[in-house]
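Visitor: Sharing a structure below in structure tokens format, with a few things to ask.
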Amino acid sequence: MILVTGGAGFIGANFVLDWLAQSDEPVLNLDKLTYAGNLENLASLQGDARHVFVQGDIGDAALVAQLLEQHQPRAVLNFAAESHVDRSIHGPEDFIQTNVVGTMRLLQSVRAYWQGLAEAPRAAFRFLHVSTDEVYGSLAPAEAAFTEIHKLEPNSPYSASKAASDHLVRAWHHTYGLPVLTTNCSNNYGPLHFPEKLIPLLIVNALAGKPLPVYGDGLQVRDWLYVKDHCSAIRRVLEAGRVGEIYNVGGWNEKPNIEIVHTVCALLDELRPNGDGTHYKTQINYVQDRPGHDRRYAIDASKIERELGWKPAETFETGIRKTVQWYLANPDWVAHVQSGAYREWVQTQYSGHETP
Ligand code: NAD
Ligand code: DAU
């Protein structure tokens with residue numbers, strides 16, 4: 001089996017669902033269930049013996065050691081993190097605790113397990129660390145996109161904590177020989193995205209008749225990748241990536257934020273028109289900028305294409321349409337996430353640590 005950490009969050013849950021849709025190899029899912037972790041994301045796996053969920057912290061060395069010993073995974077994929085830049089600005093502590101200390105403890109636990117494996121499983125074992133393009137810092141408008149050898153210049157507490165974790169992963173390979181792989185991906189969007197991030201926030205606020213907050217001048221640029229494409233890239237890197245290597249993952253799809261806002265508004269005008277004929281873009285509201293806001297990210301994803309043959313399957317046009325359609329079709333998911341009712345659902349469904 002494989003061990004996935006953070007598999008109840010946005011990308012982790014999409015990864016687990018996609019993995020089990022394509023493979024019968026079981027998944028051990030270790031997630032602390034912070035505010036961002038939601039077992040409702042995995043409701044379709046209820047009763048599926050291939051999915052074993054454990055509520056716990058990647059920094060709990062005793063728990064992780066026991067799980068590794070008991071389940072003997074062939075790989076560990078580390079999605080677990082505090083992931084929201086704005087929250088890191090208000091309170092960096094949790095980011096250091098999980099993204100830095102937690103990753104270090106996870107590496108230590110995995111190293112001890114890996115060193116105790118027999119020769120063949122030891123050679124085949126992989127630790128895949130899921131990271132972000134934000135570790136590279138911010139680009140000027142005409143600068144070339146980030147390659148894997150771009151220097152790390154993180155600017156927010158979040159990106160600094162992720163850059164620290166990337167360094168730790170690198171060091172555990174160089175010092176101890178742990179067979180690691182690192183992926184640095186651009187902005188994801190798609191189903192199950194927690195509505196504190198730009199795209200889902202726009203959709204839920206628009207439908208609720210609330211303002212659509214645009215930071216600063218709205219001309220900050222991000223590269224956007226449909227989450228299922230990120231999942232396929234991770235599967236490919238796990239399968240064929242060269243040990244110790246970094247692979248950038250992106251959608252070749254740079255867009256200023258304000259263009260994203262207009263695209264979402266136009267799709268909602270088409271798919272869920274306001275009864276009074278008004279357009280959603282009238283809800284756009286420019287607000288104070290994020291402190292230290294990175295101006296531009298751009299990913300050069302040619303290495304993963306050249307070496308591993310991976311390319312995104314979705315264009316932004318197809319991916320964003322699917323995303324808006326998913327939110328329109330899942331108002332209960334949105335309501336539960338917003339009300340916190342999903343936590344009660346977790347209590348009702350899973351009174352102990354483990355399921356099924
Ligand atoms: P998310 O915030 O939606 O989910 C994070 C998950 O990790 C949650 O389920 C949470 O409960 C869990 N978690 C947090 N702390 C934990 C701990 N100490 N132990 C165990 N579980 C813990 O995040 P996401 O957007 O799904 O991001 C997943 C990973 O991908 C992160 O490492 C993030 O840095 C990286 N990433 C995200 C994006 C993006 O656009 N969202 C892009 C590139 C990389
Ligand atoms: O680049 C990858 C990163 O993408 C991941 O590592 C992070 O985990 C993920 O959260 C995301 O970070 P961003 O800060 O780019 O995502 P966010 O959705 O918070 O913001 C996207 C852009 O939109 C950013 O320029 C800030 C802006 N924004 C965001 C919000 C929430 C707004 O203008 N208004 C908003 O209300």
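The values are calculated or read from the model by the stated rules, or taken from the named source; none is laboratory data. Worth saying up front: this structure is predicted, and the values here are computed from it rather than measured. Quick reminder, even Gly has a Cβ in these numbers, built from the backbone with ideal geometry, and neighbours come from all protein chains shown. For accessibility, only protein heavy atoms count, side chains too; no ligands or nucleic acids. Shrake-Rupley method; radii C 1.70, N 1.55, O 1.52, S 1.80 Å.
Visitor: Viscosity 1.002 mPa s, temperature 20 °C: Stokes-Einstein D of the range 17-103 from its Kirkwood Cα radius, in µm² per second?
Guide: 149 µm²/s
Visitor: Using helices alone, I'd like the mean residue ellipticity at 222 nm for the chain: each DSSP H run of four-plus residues gives -39500 (n - 2.57), total over residue count, nearest 500.
Guide: Roughly -12500 deg cm²/dmol at 222 nm, from the helical runs in the chain.
Visitor: Can I ask one more? Hey, if you put +1 on the Cβ of every Lys and Arg and -1 on every Asp and Glu Cβ in the range 92-180, which of 100, 156, 146 ends up farthest toward the positive end of that dipole?
Guide: 100
Visitor: Okay, next question. When the dipole is taken about the Cα centre of the range 34-143, and only Lys, Arg (+1) and Asp, Glu (-1) are charged at their Cβ, what size is it in debye, to the nearest 20?
Guide: Dipole magnitude for the range 34-143 comes out near 540 debye.
Visitor: Averaging sequence separations of C-alpha pairs under 8 Å and six or more residues apart, then dividing by the length of the range 1-97, give the relative contact order as a whole percent.
Guide: 35 percent
Visitor: To continue, here is another question. I'd like the accessible area for residue 174: 1.4 Å probe, protein heavy atoms, all chains in place, Å² to the nearest 10.
Guide: The value for residue 174 is about 130 Å².
Visitor: Follow-up. In square angstrom, what is the accessible area per residue of the chain with a 1.4 angstrom probe?
Guide: 42 Å²
Visitor: Let me ask another. Run the dipole for the range 221-308 about the Cα centre, Lys and Arg Cβ at +1, Asp and Glu Cβ at -1, nothing else charged, and hand back the magnitude in debye, nearest 20.
Guide: 180 debye
Visitor: I want the antiparallel fraction of DSSP beta bridges within the chain, as a percent rounded to 5.
Guide: Around 10 percent of the beta bridges assigned by DSSP in the chain are antiparallel ones.
Visitor: Express the C-alpha Rg of the chain as a ratio against the empirical globular expectation 2.2 N^0.38 Å, rounded to two decimals.
Guide: Here the answer is 0.97, to two decimals.
Visitor: Over the chain, what is the mean sequence separation of C-alpha contacts under 8 Å (at least six apart), divided by residue count, expressed as relative contact order in percent?
Guide: That works out to 19 percent.
Visitor: Round to a whole number: what % of the accessible area of the chain belongs to carbon and sulfur, probe 1.4 Å?
Guide: C and S atoms contribute 52 percent here.
Visitor: Okay, next question. Using Cα-only point scatterers and the Debye equation, what is log10 of I(q)/I(0) for the range 96-135 at each q in 0.15, 0.34 Å⁻¹, rounded to two decimals?
Guide: -0.46, -1.12
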